[in-house]
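Inspection log for the structure reproduced underneath, given as structure tokens.
Values in this text are rule-based calculations from the coordinates and carry no lab data. What you see is a predicted model; the values in this text were computed from it and never measured. A quick note on method: Cβ atoms are made from the backbone with ideal geometry, for glycine too, and the neighbour counts reach across all protein chains shown.
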Amino acid sequence: MNVIERAKAILLQPAQTWPVIDAEPATVQSIYKDWLFIIAAIPVVCHFIGMTLIGVGGWGYTYRTPLLAGLVGLVVGYAVSLVAMFLLALLVDALAPTFGGTKNQVAAMKVVAYSMTASCVAGVLLLVPSMLLGLVVFAAACYGIYLFYLGLPTVMHTPEGQVIPYMAVAAVVTVTIAVMIVIMIMMMVIAVAVALAAVPVAPAAPFVASVPVVALRPQRALERFESF
């Protein structure tokens, strides 16, 4: 599969491209290998370059993320995006029968993977961090929702009247799970911080200055003063 041609097709001719995607043989592994591993790398790599090597700022001041922190963010962001797509595909697959669709894990993976194309391709704009370009990335994400809307009836065989409720429930469940994960991570971080704060620290040895102290008797001091 030509990644560039497929990206152009799903972005510019989604109605004609979804039936092609539905008909082609695939597995979850092949979707990751041929598509997601490549397309999901675009935003995280561009964000790394934009924030770590180029930087953001103005009026003579430029902020750049430290290289190590940027690399950690790149790896973690890439892994989280791949796992999130897999979990979202499981959710789409699980909800399919409820809304009259066909339960099929590979089909659900196709819908999720190719609906993310707009967001991932727009991630190129993260090379130049900017609030205005960030709005363009957000608009691309909204277009991805439209791609998802078009893909459900074709690939998951969801009745037209059930597509919007299907999407709404999937969105609510996704946001709820995401919030729960964030809360759990925050609680874990707080717990670790509290545990570290509770660890007793051995007191430092008292510092004794080795400065000789000269005690001058009052009488001798007076005699020296009178000698002047």
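Can you sort TYR166, TYR63 from fewest to most other Cβ atoms within 10 Å of each residue's own Cβ? Numbers along the way, then the final one.
Values: TYR166 24, TYR63 10.
If I rank by nearby Cβ atoms, fewest first, I get TYR63, TYR166.
What FRET efficiency comes out for the pair ALA94/VAL56, r = Cβ-Cβ distance, R0 = 35 Å, nearest 0.05?
On the way: r = 40 Å, r/R0 = 1.14.
Taking R0 as 35 Å, the efficiency between ALA94 and VAL56 is 0.30.
For region 78-186, compute Rg over Rh where Rg is the Cα radius of gyration and Rh is the Kirkwood radius from the inverse mean 1/r over Cα pairs.
We get a ratio of 1.00 for region 78-186.
Regarding region 1-93, what's the average projected area of the Cα-atom convex hull, expressed in nm²?
Answer in nm², one decimal: 8.2.
Would you kindly state how much longer the chain becomes between THR27 and VAL106 on full extension, computed as 0.36 nm times their sequence separation minus their alpha carbon distance, in nm to one decimal?
Numbers: separation 79, 0.36 × 79 = 28.44 nm, distance 0.58 nm.
Length gained, THR27 through VAL106: 27.9 nm.
For Cα pairs less than 8 Å apart in space and 6+ apart in sequence, what is the mean separation divided by the residue count of region 3-198, i.e. the relative contact order in percent?
Details: 207 pairs, mean separation 50.2, N = 196.
Once divided by the residue count of region 3-198, the mean separation gives 26 percent.
Using θ = phi - 60° and the Karplus curve 6.51 cos²θ - 1.76 cosθ + 1.60, what whole-Hz ³J(HN,Hα) does each residue of region 124-139 get, with Gly and Pro shown as x?
Result, rounded to whole Hz: 4, 5, 6, 4, 10, x, 7, 5, 5, 5, x, 5, 5, 4, 5, 5.
For region 3-198, what is the per residue volume of the convex hull drawn over the alpha-carbon atoms, in cubic angstrom? Write out the running numbers ahead of the final one.
Working: hull volume 28.3 nm³, N = 196.
In region 3-198, the Cα convex hull volume per residue is 145 Å³.
Run the numbers for ALA69 and VAL20: contour at 0.36 nm per residue of separation, minus the present Cα-Cα distance, in nm. Show your work: numbers first, answer last.
On the way: separation 49, 0.36 × 49 = 17.64 nm, distance 4.11 nm.
Length difference between fully extended and current span is 13.5 nm.
Fully extended, how many nm does the chain gain between VAL76 and LEU12 (0.36 nm per residue separation, minus their Cα-Cα distance)?
Numbers: separation 64, 0.36 × 64 = 23.04 nm, distance 3.09 nm.
Taking VAL76 through LEU12 to full extension adds about 19.9 nm, to one decimal.
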